[in-house]
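Notes to accompany the following structure.
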Amino acid sequence: QSPLVESGGGLVQPGGSLRLSCTTSGGTLNYRIIGWFRQAPGKEREGVSCISSGSAVTHFADSVKGRFTIARDYTKNTVFLQMNNLEPEDTATYYCARLSRCGGDLLQNTDGMWGRGTQVTVSL
């Protein structure tokens, strides 16, 4: 599989918003199930959200439900993670990955091929 590339991270104040993008230069993500993950220093990597290939199925971790949305633009071969009302606890490096399914423990369903990720820092 071609590497996935994350972008869109940055430094924002609490209550702010960011939109992360996940894409690949080789092949397409349009037929793949995609998940978003994050890892803060000293903590385990955790699943944040996922979206099915047809966008009919989405899931969110309880910690971000109601604040984050996930969508995809098939024309741009890109999966977006829209993050609103950000909290300091959202500070982490965010990764996307191909999944075998959108559901359950997302970390167990990834192919394990991680990119560099994109850093999100929420701070005053």
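The values are calculated or read from the model by the stated rules, or taken from the named source; none is laboratory data. The structure presented is a predicted model; accordingly, all values stated were derived computationally and were not measured. Note that each Cβ is placed from the backbone with ideal geometry, even for glycine, and that neighbours are counted across all protein chains shown. With ligands, DNA and RNA removed, areas are computed over all heavy atoms of the protein, side chains included. Shrake-Rupley method; radii C 1.70, N 1.55, O 1.52, S 1.80 Å.
Table: residues versus (1) buried (at least 17 other Cβ atoms within 10 Å of the Cβ); (2) in contact with a Lys or Arg (Cβ under 9 Å, 6 or more places away or on another chain); (3) at pLDDT 95 or above.
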position	(1), (2), (3)
S53	no, yes, yes
T58	no, no, yes
D62	no, no, yes
F68	yes, no, yes
D73	no, no, yes
F80	yes, yes, yes
N84	no, yes, yes
P88	no, no, yes
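Identify all residues within the stretch 54-107 that are among the basic types (K, R) and within 21 Å of T24 (Cα to Cα); write none if there are none.
Across the stretch 54-107, the qualifying residues are R72, K76, R98, R101.
Applying the selection to the stretch 3-17, what residues are of a type in the set (G, A, S) and surrounded by fewer than 17 Cβ atoms within 10 Å (Cβ to Cβ)? Reasoning before the result, please.
Step one: list which residues in the stretch 3-17 are of a type in the set (G, A, S), which gives 7-10, 15-17.
If the condition is that a residue be of a type in the set (G, A, S) and surrounded by fewer than 17 Cβ atoms within 10 Å (Cβ to Cβ), then S7, G8, G10, G15, G16, S17 are the ones that fit.
Just to verify a result, which residue in the stretch 18-35, among those that are among the small types (G, A, S) and open to solvent by 60 Å² or more (accessible area, probe 1.4 Å), is farthest from the chain's Cα centre (by Cα)? Don't jump to the end; show me each part of the working.
Residues of the stretch 18-35 that are among the small types (G, A, S), as a first pass: 21, 25-27, 35.
Of the ones still in play, those that are also open to solvent by 60 Å² or more (accessible area, probe 1.4 Å) are 25, 27.
Working: S25: 17, G27: 19 Å.
Here the answer is G27.
Kindly evaluate R38 against the criterion of being under 12 Å from the mean Cα position of the chain (by Cα), open to solvent by less than 90 Å² (accessible area, probe 1.4 Å), of a type outside the set (S, T, N, Q) and more than 24 Å from P88 (Cβ to Cβ).
Working: under 12 Å from the mean Cα position of the chain (by Cα): yes; open to solvent by less than 90 Å² (accessible area, probe 1.4 Å): yes; of a type outside the set (S, T, N, Q): yes; more than 24 Å from P88 (Cβ to Cβ): no.
Taking the combined requirement at face value, the residue does not satisfy it.
Taking the condition of being in a loop (DSSP other than H, G, I, E, B), of a type in the set (S, T, Y) and either modelled with pLDDT of 95 or more or touching a strand residue (DSSP E or B) at 6+ places or on another chain (Cβ under 9 Å) (or both), how many residues in the stretch 8-39 meet it? Let's see the steps before the verdict.
Taking the stretch 8-39 as the starting set, the residues that turn out to be in a loop (DSSP other than H, G, I, E, B) are 8-9, 13-17, 24-32.
From what's left, of a type in the set (S, T, Y): 17, 24-25, 28, 31.
After this cut, where a residue has to be either modelled with pLDDT of 95 or more or touching a strand residue (DSSP E or B) at 6+ places or on another chain (Cβ under 9 Å) (or both) as well, the list is 17, 24-25.
So the count comes out to 3.
Which condition number does V48 fail, the rest of (1) surrounded by 14 or more Cβ atoms within 10 Å (Cβ to Cβ); (2) under 19 Å from G104 (Cβ atoms); (3) more than 12 Å from the chain's Cα centre (by Cα); (4) not charged (D, E, K, R) being met?
V48 satisfies every listed condition except (3).
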